[in-house]
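One structure below.
Computed from the coordinates by the stated procedures, all read-outs in this text should not be read as laboratory data. The shown structure was predicted, so the numbers you read here are calculated from the model rather than taken from an experiment. So basically every Cβ, Gly included, is an ideal-geometry build from the backbone, and we count neighbours across all protein chains shown.
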Amino acid sequence: MRSSEALERRELINPPRIGVTAALREETELRAGNPLVRFVRTDLEYVKSVSEAGGVPVVIPPSVSLRAAEALLDGLDGLLLSGGPDLDPGYYGEGPIPELGTTIPTWDALEMTLLRLALKRQMPIFGICRGMQILNVALGGTLYQDMPSQLGAHVLNHWQVTPKCQSTHKVEVLDDSYLAKVTDRQTVEVNSYHHQGIKCLGDALTVAARSADGVIEEFESRDFSERWLMGVQWHPEGMRDIGSGHRNLFEAHVCAAERHVLRSAAA
């Protein structure tokens, strides 16, 4: 995926800084007599994926203030929204259904704030799993709160119990899409860990890949000359050693962040 132009840029500028959203976790069992604790954690695979693509990963904790979030963005060139729990359906105008999973209001509020600020700055944004879903909602789209109960028995099993390095189904990629160009694939083998999915697509987005049951597996900007946006429903960070197509997604994001740096410097 890396072009000679991208490599030349890398010789001229510092590596772009990519913000990676982290998860808020809580220990449910006592450990060595210590009380229950909450802690911030991000999957190392996200960090390694950004680093291997030529970016500098900056982990963003989910508990910073909104003012601090804006200050954090001042030091970033791109944003990667990681996977996590369900999004509060209130953000897309719905009440919760019984099948809705756990939501974390502080996490939702922070990521929505980060997204709105990043979109205003035309920062390249890459959403993975939950990250794809919240990006869609921030752009005016909606979600299925629970695909099995809302879409019926024809839906594939989108929640595998095997490791992320193993695929569970295929996605079909549209020939003329940016995703096809980046991955150089018409079909991509993917893993799957979600029960929510895209219902109505947000503004400025177009579908580039679906699974056999019709579920949207990737969306992207309608016009990449205006803004670089991509969301994937699978976890490419866990499959980057399986095929170059998954690695290329992170490289494309880092290259977009490099271009963002150059445009900002020229403005």
Item to complete: Can you check what the net charge comes to around residue 49, using other residues whose Cβ is under 12 Å from the Cβ of residue 49 (Lys, Arg +1; Asp, Glu -1)?
Response: -2
Practice prompt. Find which of 145, 191, 90 sits farthest along the positive direction of the dipole of region 68-192, computed with +1 on the beta-carbon of Lys and Arg, -1 on that of Asp and Glu, about the Cα centre.
Written response: 191
Discussion item. Can you tell me, using C-alpha contacts under 8 Å and at least 6 residues apart, the relative contact order of region 142-267 as a whole percent?
Written reply: 24 percent
Worksheet item: Relative contact order for region 113-213 using alpha-carbon pairs under 8 Å, separation at least 6, rounded to a whole percent?
Response: 35 percent
Item to complete: Would you give the gap between the C-alpha center of region 109-176 and the C-alpha center of region 217-246, rounded to a whole Å?
Response: 11 Å
Worksheet item: What order do you get for 144, 193 when you list them from fewest to most C-beta neighbours inside 10 Å?
Response: 193, 144
Worksheet item: Just 126, 219, 39 to compare: in a GNM of the chain, with alpha carbon springs under 10 Å, which one fluctuates most?
Response: 39
Fill in: Other-chain or far-sequence residues with amide H under 5 Å of residue 173's (modelled H)
187, 188
Item to complete: Calculate I(q)/I(0) for the chain by the Debye formula, one identical point scatterer on each C-alpha and no solvent, and give its log10 at q = 0.13 Å⁻¹ to two decimals.
Response: -0.83
Worksheet entry | Share antiparallel - DSSP beta bridges, the chain, percent rounded to 5 | 60 percent
Response to the item:
Taking Cα pairs closer than 8 Å and at least 6 residues apart, the relative contact order of the chain in percent is 21 percent
Worksheet, complete the sentence: Quick note on 200, 255, 129, ordering by fewest other C-beta atoms within 10 Å, gives 200, 129, 255
Discussion item. Restricting to DSSP H runs of at least four residues, report the calculated mean residue ellipticity at 222 nm for the chain, -39500 (n - 2.57) per run over all residues, nearest 500 deg cm²/dmol.
Written reply: -9500 deg cm²/dmol
Practice prompt. Show which aspartates and glutamates lie in cross-link reach of residue 181 when reach means a straight Cα distance below 15 angstrom and same-chain residues fewer than eight apart are skipped.
Written response: 172, 218, 220, 223, 251
Response to the item:
Two pseudo-spin positions, 7 Å from Cα along C-beta at residue 213 and at residue 71, lie apart in nanometres by 4.5 nm
Worksheet item: Tell me, 194, 246 in order of fewest to most beta-carbon neighbours within 10 Å?
Response: 194, 246
